[in-house]
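*Asks:* Quick one: this structure, given as structure tokens, is what I'll be asking you about.
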Amino acid sequence: MEILKVNQLSKVYGHGATQIKALDQVSFTVEKGQFVAIVGPSGSGKSTLLHILGGVDTPSFGQVLVDGSDICSLDQTQMAIFRRQQLGLIYQFYNLIPILNVAENITLPLLLDQRKLEQARLQEVVATLGLGERLNHLPNQLSGGQQQRVAIGRALINTPALMLADEPTGNLDSATSKEIIALLKLSNQRYQQTLIIVTHDHEIARQADRIISFGDGRIVRDEAVQP
Ligand SMILES: Nc1ncnc2c1ncn2[C@@H]1O[C@H](COP(=O)(O)OP(=O)(O)O)[C@@H](O)[C@H]1O
Ligand SMILES: [Mg+2]
């Protein structure tokens, strides 16, 4: 089953002489449950793509269909709900709420929808993330790796169909970075979640099912990884 269809997606920043084509007619589809790594040099359009897929930026042209619905046609409220319920977003800077503790930061997406928190699910996420002893800590009482794990917990709590991560281990040491990737893979396999990770790290890319390489706003290579 196709979970994501990106059709002729283009993004142009600026006007006239200073105009930049960050994405230039990008098209691809992703099957449910696939783990895709997106690689490419700095400035090749990877973050722009992830921002548009995550609904935090809009395309200049083209379409993004998630599970058959065009996300670009949602209004702001619908988009916010779609993001909370269908997407797990992990960006490089953790975006934790400083006055909320670990448990509150992780369960925020549920709270915003006035949905019931399943204690068992929270326990599972927290245990997998190794944050059990830190539930009452505030973000500034945590290390960088722990803060990133909280951000991942927040993305995982809903078991979203689509997880988007932009260099999720960019600021972390290699041991923590391995743990985080193992965790995302586990969630990908256990819950058939589709996982799209932008990364510079070849070790991470090699673990994906598929590697899409970007250059100058276009897909320059798209290959299956041999197991
Ligand atoms: N908000 C913006 N305004 C103007 N140009 C931008 C903006 N965001 C990104 N760009 C430009 O778009 C291109 C692609 O950027 P980006 O998607 O961040 O690349 P990557 O994540 O692959 O490093 C770059 O040339 C960048 O300078
Ligand atoms: Mg980037």
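*Asks:* Please report, for the Cα atoms of region 27-129, the Rg to one decimal and the Dmax as a whole number; what are they, in angstrom?
*Replies:* Computed over the Cα atoms of region 27-129, radius of gyration and Dmax are 15.8, 43 Å.
*Asks:* For the residue pair residue 141 and residue 111, what label-to-label distance in nm results when each label sits 7 Å from Cα along the Cα-to-beta-carbon direction?
*Replies:* Spacing of the two 7 Å Cα→Cβ label points: 1.6 nm.
*Asks:* For the chain, what does -39500 (n - 2.57) per DSSP helix run (n ≥ 4), summed and divided by total residues, give at 222 nm, in deg cm²/dmol to the nearest 500?
*Replies:* -10000 deg cm²/dmol
*Asks:* Something else about it: I want to check the label-to-label distance for residue 104 and residue 118. Put each point 7 Å from Cα in the C-beta direction and report it in nm to one decimal.
*Replies:* Distance between label points: 2.5 nm.
*Asks:* Assuming 0.36 nm per residue, please report the length gained on full extension of the stretch residue 58 to residue 222 beyond their Cα-Cα distance.
*Replies:* In short, 56.7 nm is gained.
*Asks:* So what J values fall out for region 56-61 if you push phi through Karplus, 6.51 cos²θ - 1.76 cosθ + 1.60 with θ = phi - 60°, rounded to Hz, Gly and Pro as x?
*Replies:* Values per residue, Gly and Pro as x: 9, 9, 10, x, 7, 9 Hz.
*Asks:* Please express the Cα-Cα pair-distance distribution P(r) of region 1-59 as a list of whole percents, one per 5 Å bin, running from 0 to the bin with the greatest distance.
*Replies:* 4, 15, 25, 27, 16, 7, 3, 2, 0
*Asks:* Please compute the contact order of region 2-224 in relative form: average sequence separation of alpha-carbon pairs under 8 Å and at least six residues apart, divided by the residue count, as a percent.
*Replies:* Once normalised by length, the contact order is 30 percent.
*Asks:* Could I ask something else about it? What fraction of the DSSP beta bridges in the chain is antiparallel, stated in percent and rounded to the nearest 5?
*Replies:* Antiparallel bridges make up about 55 percent of those DSSP assigns within the chain.
*Asks:* Keeping all protein chains in place and using 1.4 angstrom, which order do 26, 39 fall into by accessible surface area, from largest down? Mind dumping the intermediate values first?
*Replies:* On the way: 26 5, 39 25 Å².
The ordering from most to least exposed comes out as 39, 26.
*Asks:* Ignoring ligands, DNA and RNA, what percent of the 1.4 Å accessible area of region 2-224 is carbon and sulfur?
*Replies:* Heavy-atom surface of region 2-224 belonging to carbon and sulfur, 1.4 Å probe: 49 percent.
*Asks:* Run through all the Cα pairs of region 88-147 and give the fraction in each 10 Å bin from 0, expressed as whole percent.
*Replies:* Calculated over all Cα pairs of region 88-147, the distribution is 21, 57, 22 percent.
*Asks:* Taking the Cβ of residue 142 as the centre, find all other residues whose Cβ is under 13 Å away and add up their charges (Lys, Arg: +1; Asp, Glu: -1).
*Replies:* Taking every Cβ under 13 Å from that of residue 142, the sum is +1.
*Asks:* Which of rounded, prolate or oblate describes region 110-196 when judged by the alpha-carbon gyration tensor and an a/c cut-off of 1.5?
*Replies:* Note, shape of region 110-196 comes out oblate.
*Asks:* Can you give me the accessible area per residue for the chain, using a 1.4 Å probe, in Å²?
*Replies:* Roughly 50 Å² per residue, with all protein chains present.
*Asks:* Based on C-alpha coordinates, I'd like the Rg and Dmax of region 164-216, in Å.
*Replies:* 11.1, 35
*Asks:* Another question, then. Where the Cα atoms of the chain are projected onto their three principal axes, how long is each span, largest first, in whole Å?
*Replies:* Principal-axis extents of the chain (Cα, largest first): 51, 39, 37 Å.
*Asks:* Follow-up. Mind listing the phi-derived Karplus ³J(HN,Hα) values for region 152-159, rounded to whole Hz, using 6.51, -1.76 and 1.60 with θ = phi - 60°, and x for any glycine or proline?
*Replies:* Working through the residues one at a time gives 5, x, 5, 6, 8, 4, 7, 6 Hz.
The values are calculated or read from the model by the stated rules, or taken from the named source; none is laboratory data. Quick caveat: nothing in here was measured; it's all calculated off a predicted structure. All Cβ positions, glycine included, derive from the backbone under ideal geometry; neighbour counts span all protein chains shown. Quick note on the areas: whole protein, heavy atoms, side chains included, nothing else; ligands and nucleic acids left out. Shrake-Rupley method; radii C 1.70, N 1.55, O 1.52, S 1.80 Å.
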